[in-house]
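**Student:** Pasting in a structure now, in structure tokens, and then I'll have a few things to ask.
The values are calculated or read from the model by the stated rules, or taken from the named source; none is laboratory data. For clarity, every value in this text was computed on a predicted model and none was experimentally measured. Here the Cβ positions follow ideal geometry from the backbone for every residue, glycine too, while neighbour counts run over all protein chains shown.
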Amino acid sequence: MPPSSSMSARRHAPAAERNREPILGVLRRVLPARGTVLEIASGTGQHVAHFAAALPDLVFQPSDRTDQDFASIVAWSADADRATVRPPIVLDVTADPWPAAVGTPDAIFCANMIHIAPWEACLGLLRGAGARLAPGGVLVTYGPYTIGGAHTAPSNEAFDLDLRARDPRWGVRDLDEVARVAAGHGLELEERVAMPANNLTVVFRRTASR
């Protein structure tokens, strides 16, 4: 039997399969019971389909910098039969302001973006999240970080060198510096959680007064 059109459109990232459950464990604790979650840099769409299936009272808005992966995002959600996943939108986080389609999300999730992008992308993520998140909403990021300028594992140091060799604008970011910039946009570092493969899930919360 030939594959369905949705299956043939799906792209697969092995890392997304490996890390989705540890990340979901954090999301269950920190996301609101109801509301809208904006996913930034949705990539293949594996994460958003999995999280939406596990958190059925939330509405998820996937996005990416271009529409090249939209067919995969739609296919993963269609295969999971998730009516709570909206059609993906184009969102370049360096744009200021973000497009109106973003709305006022109750939470923002972003995995494995800020180290495989110029520093300007991290700055745009923090600026946009501070401007668009609902008061008290959370920004949740996932990926490798340095702490106080030091790598948390030799493998992360090697990964950082590889990233910078591929593009000198890329690299593992320092959590202290990210938190400093985030604070300037009304986002307080609330929690960091150790993840497999020496990654971190980091939770920032938008201050209600901003």
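**Student:** Does residue 54 meet the test of being closer than 20 Å to residue 87 by Cα, buried (at least 22 other Cβ atoms within 10 Å of the Cβ), touching a helix residue (DSSP H, G or I) at 6+ places or on another chain (Cβ under 6 Å) and small (Gly, Ala, Ser)?
**Tutor:** Values: closer than 20 Å to residue 87 by Cα: yes; buried (at least 22 other Cβ atoms within 10 Å of the Cβ): no; touching a helix residue (DSSP H, G or I) at 6+ places or on another chain (Cβ under 6 Å): yes; small (Gly, Ala, Ser): yes.
For residue 54, the condition - closer than 20 Å to residue 87 by Cα, buried (at least 22 other Cβ atoms within 10 Å of the Cβ), touching a helix residue (DSSP H, G or I) at 6+ places or on another chain (Cβ under 6 Å) and small (Gly, Ala, Ser) - is not met.
**Student:** Of the numbered conditions (1) over 19 Å from residue 121 (Cβ atoms); (2) modelled with pLDDT of 95 or more, residue 160 satisfies every one except a single condition; which is it?
**Tutor:** (1)
**Student:** Check whether at least one residue in segment 198-205 is out of contact with any strand residue (DSSP E or B) (no Cβ under 7 Å at 6 or more places or on another chain) and among the hydrophobic types (A, V, I, L, M, F, W, C), and report yes or no. Can you show your working first?
**Tutor:** At the first step, the residues of segment 198-205 found to be out of contact with any strand residue (DSSP E or B) (no Cβ under 7 Å at 6 or more places or on another chain) are 198.
When the remaining residues are screened for being among the hydrophobic types (A, V, I, L, M, F, W, C), the result is none.
Checked against the condition, which is being out of contact with any strand residue (DSSP E or B) (no Cβ under 7 Å at 6 or more places or on another chain) and among the hydrophobic types (A, V, I, L, M, F, W, C), segment 198-205 yields no hits at all.
**Student:** Now for a separate question. Assuming residue 142 fulfils every condition listed in (1) surrounded by 13 or more Cβ atoms within 10 Å (Cβ to Cβ); (2) in a helix (DSSP H, G or I) apart from one, which condition is it?
**Tutor:** (2)
**Student:** Report, by residue number, each residue of segment 122-159 that is among the hydrophobic types (A, V, I, L, M, F, W, C) and farther than 24 Å from residue 30 by Cα. Spell out how you get there, then give the answer.
**Tutor:** So in segment 122-159, the residues among the hydrophobic types (A, V, I, L, M, F, W, C) come out as 122-123, 125-126, 129, 131, 133-134, 138-140, 147, 150, 153, 158-159.
Across segment 122-159, the qualifying residues are 150, 153, 158, 159.
**Student:** If you take the residues of segment 112-150 that are β-branched (Val, Ile, Thr) and touching a helix residue (DSSP H, G or I) at 6+ places or on another chain (Cβ under 6 Å), which of them is farthest from residue 34 (Cα to Cα)? Full working, then the answer.
**Tutor:** Going residue by residue through segment 112-150, those that are β-branched (Val, Ile, Thr) are 114, 116, 138, 140-141, 146-147.
Narrowing further to those that are touching a helix residue (DSSP H, G or I) at 6+ places or on another chain (Cβ under 6 Å): 114, 138, 147.
Details: 114: 27, 138: 13, 147: 33 Å.
So the residue we want is 147.
**Student:** Something else: Under 7 Å by Cβ, and 6 or more places apart or on different chains, what pairs join a residue from segment 170-196 that is buried (at least 17 other Cβ atoms within 10 Å of the Cβ) with one that is among the acidic types (Asp, Glu) and modelled with pLDDT of 95 or more?
**Tutor:** From segment 170-196, the pairs are 171/160; 172/160.
**Student:** Something else about it: Within segment 106-128, work out how many residues are farther than 23 Å from residue 22 by Cα and touching a Leu at 6+ places or on another chain (Cβ under 8 Å).
**Tutor:** The qualifying residues number 1.
**Student:** Could we say that residue 106 is more than 29 Å from residue 169 (Cα to Cα) and modelled with pLDDT of 95 or more here? I'd like the intermediate steps shown before the answer.
**Tutor:** Values: more than 29 Å from residue 169 (Cα to Cα): yes; modelled with pLDDT of 95 or more: yes.
Yes.
**Student:** Identify, from the list 159, 204, the residue that is in a helix (DSSP H, G or I) and under 22 Å from residue 20 (Cα atoms). It would help to see each step written out before you state the result.
**Tutor:** Details: 204 fails: in a helix (DSSP H, G or I).
It is 159.
**Student:** Considering only segment 114-126, state which residues are part of a loop (DSSP other than H, G, I, E, B) and either over 15 Å from the mean Cα position of the chain (by Cα) or among the basic types (Lys, Arg) (or both).
**Tutor:** Initial filter on segment 114-126 (part of a loop (DSSP other than H, G, I, E, B)): 114-118.
Correct list: 118 only.
**Student:** Which of the residues belonging to segment 161-176 are farther than 14 Å from residue 116 by Cβ and within 18 Å of the chain's Cα centre (by Cα)?
**Tutor:** Within segment 161-176, 174, 175 qualify.
**Student:** Would you point out the residue of segment 16-37, among those that are among the hydrophobic types (A, V, I, L, M, F, W, C) and surrounded by 14 or more Cβ atoms within 10 Å (Cβ to Cβ), that is farthest from residue 55 (Cα to Cα)? Walk me through how you get there before you give the answer.
**Tutor:** Kept after step one, since they are among the hydrophobic types (A, V, I, L, M, F, W, C), are these residues of segment 16-37: 16, 23-24, 26-27, 30-31, 33, 37.
Next, only the ones that are surrounded by 14 or more Cβ atoms within 10 Å (Cβ to Cβ) stay: 16, 23-24, 26-27, 30-31, 37.
Values: 16: 17, 23: 13, 24: 9, 26: 12, 27: 9, 30: 12, 31: 9, 37: 11 Å.
The extreme case among them is 16.
**Student:** Answer yes if at least one residue in segment 127-135 is among the basic types (Lys, Arg), in contact (Cβ under 8 Å) with a residue 24 or more places away in the chain, farther than 26 Å from residue 54 by Cβ and not in a helix (DSSP H, G or I), and no otherwise.
**Tutor:** We begin by selecting, within segment 127-135, every residue among the basic types (Lys, Arg); these are 127, 132.
So of that shortlist, the ones also in contact (Cβ under 8 Å) with a residue 24 or more places away in the chain come out as 127, 132.
From what's left, farther than 26 Å from residue 54 by Cβ: 127.
Imposing the further condition that a residue be not in a helix (DSSP H, G or I) reduces the set to none.
The answer is no, given that none of the residues of segment 127-135 is among the basic types (Lys, Arg), in contact (Cβ under 8 Å) with a residue 24 or more places away in the chain, farther than 26 Å from residue 54 by Cβ and not in a helix (DSSP H, G or I).
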